[in-house]
Amino acid sequence: MPTRPVVELLHANWTGRCEINCRKSAMMLLKSLASLCILAAVAFAVPAQEKRIHHHADLSDHAHDDAHGFQYDHEAFLGKEEAKTFDQLTPEESKDRLAKIVDRIDTDKDGYISHTELHYWIKHRQRRYIEENVNKHWKDYDMNKDGKIGWEEYKNTTYGFYLDEEFDDVEDKATYKSMLTRDERRFKTADRDGDGIATREEFTAFLHPEEFDYMKDLVIQETVEDIDKDGDGKVNLDEYIGDMYTPEKGERVPDWVQTEKKHFSELRDANKDGYLDAGEVAHWILPGEVDHADNEAKHLIHETDTDKDKKITKKEILANWNMFVGSQATNYGEDLTKKHDEL
């Protein structure tokens with residue numbers, strides 16, 4: 001199994017917030033049916049951050065392994081949400097839409113897709129994903145519709161009812177208070193002018209800190225906190241592997257786990273003390289100016305450029321359409337492959 005881009009993080013934090021909203025709703029229902037209108041007001045969708053945040057985020061949550069499917073390429077080329085849409089189309093519909101997309105990518109209308117054009121398109125799709133994600137949640141938190149989001153607006157929308165005194169006997173309230181503290185720290189870090197109010201750009205930094213240089217130290221801090229289970233401020237080998245892999249009873253340890261153990265000792269742990277400190281974690285999750293969009297553009301051209309002229313035509317793209325976009329058929333085929341691998 002290939003190494004995952006930097007594994008999942010924030011899932012516990014953001015999943016916990018979803019639980020907050022569900023519990024809030026249940027409690028409000030128990031209080032009174034008359035509170036239904038309040039329930040509708042507080043049942044906001046919490047931003048679903050599915051991966052560990054890291055500075056130059058990869059283009060997909062999926063491993064880039066063409067031998068087991070092209071889901072990585074689909075999400076890189078289309079964006080995560082649009083890739084899901086294509087997965088519901090018939091192969092004919094997918095190819096028709098892809099042909100129209102190729103026309104949009106070919107900005108100079110010379111009949112070829114150059115590396116520059118494909119690189120720009122992939123970067124555009126990734127920026128659009130972030131913009132749409134922020135827009136989707138902006139209205140949920142800008143309660144007074146003034147075009148800004150104050151910390152109090154965010155806190156009350158996400159945690160307010162749950163942290164009322166009458167819910168002091170809730171078993172895991174302390175966990176959610178800890179999440180609140182962590183959110184407040186991130187919000188204040190994103191709030192560059194310190195006025196307690198986030199502009200759209202600052203709110204984007206709050207939701208997607210991996211995209212902003214000034215959030216770098218916080219990204220490292222949150223990463224260490226989530227992996228460091230014994231609270232010593234460092235990441236040992238067991239914590240490093242445990243964040244990526246939990247063995248099932250009787251399961252043989254996959255080869256990639258052994259590879260990751262080797263990476264830990266030979267690459268990650270620079271001073272060879274058996275731990276990753278904040279600096280070493282930074283080198284791991286912030287590996288420099290890696291341009292994933294550039295790498296993906298080169299990959300797609302290399303795989304589909306049959307005449308090796310370093311640019312691709314619509315004909316070449318459509319001949320390899322399932323590398324660029326998915327469909328019901330490709331989705332089904334990938335599912336079969338996964339099931340076969342599991343067997």
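To keep it simple, each residue is scored yes or no on (1) modelled with pLDDT of 95 or more; (2) closer than 20 Å to Glu222 by Cβ; (3) part of a helix (DSSP H, G or I).
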{"position": "Arg252", "(1), (2), (3)": "no, no, no"}
{"position": "Thr259", "(1), (2), (3)": "no, no, yes"}
{"position": "Glu266", "(1), (2), (3)": "yes, no, yes"}
{"position": "Glu296", "(1), (2), (3)": "no, no, yes"}
{"position": "Ile301", "(1), (2), (3)": "yes, no, yes"}
- Would you check which residues across the range 76-94 are open to solvent by 20 Å² or more (accessible area, probe 1.4 Å) and either free of Cβ contacts under 8 Å to residues at least 12 places away in the same chain or closer than 20 Å to His302 by Cα (or both) and list them? Lys84, Thr85, Glu92
- Since Phe206 meets every condition but one in (1) open to solvent by less than 40 Å² (accessible area, probe 1.4 Å); (2) under 30 Å from Leu300 (Cβ atoms); (3) not hydroxyl-bearing (Ser, Thr, Tyr), which condition does it not meet? (2)
- Just need a number here: residues in the range 176-198 that are assigned to a helix (DSSP H, G or I) and either charged (D, E, K, R) or modelled with pLDDT under 80 (or both). 8
- Message: Looking at the structure I just gave you, is Asp232 open to solvent by 30 Å² or more (accessible area, probe 1.4 Å) and among the charged types (D, E, K, R)?
- Response: yes
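Working only within the range 295-311, note down all residues that are closer than 17 Å to Arg125 by Cβ and touching a residue at least 12 places away in the same chain (Cβ under 8 Å). Don't jump to the end; show me each part of the working.
Filtering the range 295-311 for residues closer than 17 Å to Arg125 by Cβ gives 295-301.
Selection gives Glu296, Ala297, Lys298, His299, Leu300, Ile301.
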- Task: Any residue in the range 97-120 that's in contact (Cβ under 8 Å) with a residue 24 or more places away in the chain: show its pairings with residues that are among the basic types (Lys, Arg) at Cβ separation under 6 Å, as long as the two are six or more apart or on different chains.
- Result: Val102/Lys314; Tyr112/Lys311; Ser114/Lys311
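Quick one: in the range 109-142, which of the residues that are among the hydrophobic types (A, V, I, L, M, F, W, C) and closer than 19 Å to Tyr154 by Cβ is least open to solvent (accessible area, probe 1.4 Å)? Quick ask: steps written out before the conclusion?
Let us first name the residues in the range 109-142 that are among the hydrophobic types (A, V, I, L, M, F, W, C), namely 113, 118, 121-122, 130, 134, 138.
Then keep just the ones that are closer than 19 Å to Tyr154 by Cβ; that gives 130, 134, 138.
Values: Ile130: 28, Val134: 3, Trp138: 22 Å².
The extreme case among them is Val134.
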- Message: Restricting to the range 262-276, name every residue that is touching a helix residue (DSSP H, G or I) at 6+ places or on another chain (Cβ under 7 Å), surrounded by 14 or more Cβ atoms within 10 Å (Cβ to Cβ) and touching a residue at least 12 places away in the same chain (Cβ under 8 Å).
- Response: Phe264, Arg268, Leu276
- Out of the range 235-260, which residues are surrounded by 14 or more Cβ atoms within 10 Å (Cβ to Cβ) and closer than 21 Å to Asn271 by Cα? Val235, Asn236, Leu237, Glu239, Tyr240, Ile241, Glu260
- Answer yes or no as to whether Asp226 is closer than 30 Å to Glu117 by Cα, in contact (Cβ under 8 Å) with a residue 40 or more places away in the chain and part of a helix (DSSP H, G or I). no
- Message: Among the residues of the range 312-343, what is the count of those that are at pLDDT 90 or above, assigned to a helix (DSSP H, G or I) and of a type in the set (A, V, I, L, M, F, W, C)?
- Response: 6
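The values are calculated or read from the model by the stated rules, or taken from the named source; none is laboratory data. Computed from a predicted structure; not experimentally measured. Ideal geometry is used to build each Cβ from the backbone, glycine not excepted, and the neighbour counts take in all protein chains shown. Calculation scope for accessible area: heavy atoms of the full protein, side chains included, ligands and nucleic acids excluded. Shrake-Rupley method; radii C 1.70, N 1.55, O 1.52, S 1.80 Å.
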